[in-house]
Amino acid sequence: MISITRYIAALSGKGGVGKTTTVLNLGVALQEMGHEVVAVDTNLITPNMSLQLGLTPSQATINDVLYKRAGIMDAIHVHSSGLHVVPAGLSALEYKNHFLTDYRTALSRLECKYDYVLMDCSAGLWGEVSQAVKAANESLIVSNPELISMVDSLKAIKMSEKLGVGITGIVLNKIRGKHFELQKNTIDGMLQDHEVIGKIPYDKRVPKSSFLRTPIVKYKKNSKSSKAFRRLAKSLDSGERAEPGFFEKFLSF
């Protein structure tokens, strides 16, 4: 039986941190655990989800749902990985500043049909992003272990908290283990009461998986990044930190 649906907004203060990649691989990993998952692209300005998965533009999109040209169930695509996806329209004409992005109403029919609704929000703060966050009941912050990315992530945390949406945790993506990256004590100090629940190592096979339109969790199941995404899924699902892998232990050391 489906439990109460968790609407999770994936946020980042800046672009290029790997938010869409995180959402898609987390979704597949949760699905492998037996959950019903749908990933929704709420990035109406620069949508990437359909491109990254190679979805055909024949079906309805979230834009059609927001314009009330289609229902949310009509906009669900099923990727070859099995993941259910609601993409955004790729045409620039599909986005207008004056249209009301009422995500809460648009996504309401997903309630109790899915365990997880993962919302891939656009980079930045307020505006379009805040409309998507308001429809969520928790936020997941995706960042890189770099000063600029972390500072922007702190702003995203403040925005989410101001909107009354709690922070589930922070995901550090593209970790290389280099000396120029922020160290653990610095990151912990910046985040204060917020916990890093996922550490995803940089994996040169991720761009290839995007080229093949297949999430890395499916493309290379035993890669270090795939294992990290599965640990993230377990942490998110249980609320407890999954046992760190060798790479995470090495970074901590």
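Just one of (1) part of a helix (DSSP H, G or I); (2) farther than 23 Å from Asp237 by Cα; (3) hydroxyl-bearing (Ser, Thr, Tyr) trips up Thr101, so point out which.
(1)
Can you pull out every residue in segment 136-166 that is within 20 Å of Gly15 (Cβ to Cβ) and β-branched (Val, Ile, Thr)?
In the first step, residues of segment 136-166 are kept if they are within 20 Å of Gly15 (Cβ to Cβ); the result is 136, 139-160.
Across segment 136-166, the qualifying residues are Ile141, Val142, Ile148, Val151, Ile157.
Applying the selection to segment 114-145, what residues are modelled with pLDDT under 95 and β-branched (Val, Ile, Thr)?
Those that are modelled with pLDDT under 95 and β-branched (Val, Ile, Thr): Val129, Val133.
Among strands (runs of 3 or more DSSP E) lying entirely in segment 126-229, which contain 3 or more residues that are under 17 Å from the mean Cα position of the chain (by Cα) and without any contact (Cβ under 8 Å) to a residue 40 or more places away in the chain? Before the answer, list the steps.
Working: elements: 138-143, 166-175, 196-201.
Hits in segment 126-229: 166-175.
Of all residues in segment 31-68, which are under 18 Å from Glu111 (Cβ atoms) and either touching a Ser or Thr at 6+ places or on another chain (Cβ under 7 Å) or among the β-branched types (Val, Ile, Thr) (or both)?
Hits for segment 31-68 are Val37, Val38, Val40, Thr42, Ile62, Val65, Leu66.
Can you tell me which residues in segment 19-48 are modelled with pLDDT of 95 or more, over 19 Å from Ala136 (Cα atoms) and not hydroxyl-bearing (Ser, Thr, Tyr)?
Across segment 19-48, the qualifying residues are Asn25, Val28, Ala29, Gln31, Glu32, Met33, Gly34.
Test Ile197 against the stated conditions and say whether it is at pLDDT 95 or above, touching a Ser or Thr at 6+ places or on another chain (Cβ under 8 Å), within 13 Å of Val28 (Cα to Cα) and hydrophobic (A, V, I, L, M, F, W, C).
Details: at pLDDT 95 or above: yes; touching a Ser or Thr at 6+ places or on another chain (Cβ under 8 Å): yes; within 13 Å of Val28 (Cα to Cα): no; hydrophobic (A, V, I, L, M, F, W, C): yes.
Criteria not met by Ile197.
Taking the condition touching a His at 6+ places or on another chain (Cβ under 6 Å) and within 24 Å of Met49 (Cβ to Cβ), does Asp115 pass? Show your work before the answer.
On the way: touching a His at 6+ places or on another chain (Cβ under 6 Å): yes; within 24 Å of Met49 (Cβ to Cβ): yes.
Yes: the conditions hold for Asp115.
Output the residues belonging to segment 136-188 that are surrounded by 13 or more Cβ atoms within 10 Å (Cβ to Cβ), farther than 22 Å from Gly239 by Cα and among the charged types (D, E, K, R).
Glu146, Asp152, Lys155, Lys174, Glu181
How many residues, within segment 207-219, are over 23 Å from Thr5 (Cβ atoms) and either surrounded by 17 or more Cβ atoms within 10 Å (Cβ to Cβ) or of a type in the set (Ser, Thr, Tyr) (or both)? I'd like the intermediate steps shown before the answer.
Going through segment 207-219, the residues over 23 Å from Thr5 (Cβ atoms) turn out to be 207-214, 216, 218-219.
Narrowing the set further to residues that are either surrounded by 17 or more Cβ atoms within 10 Å (Cβ to Cβ) or of a type in the set (Ser, Thr, Tyr) (or both) leaves 209-210, 214, 216, 218-219.
Count: 6.
The values are calculated or read from the model by the stated rules, or taken from the named source; none is laboratory data. Remember, predicted model here, so these are calculated numbers, not experimental data. Here the Cβ is made from the backbone with ideal geometry for all residues, glycine too, and neighbour counts use every protein chain on show.
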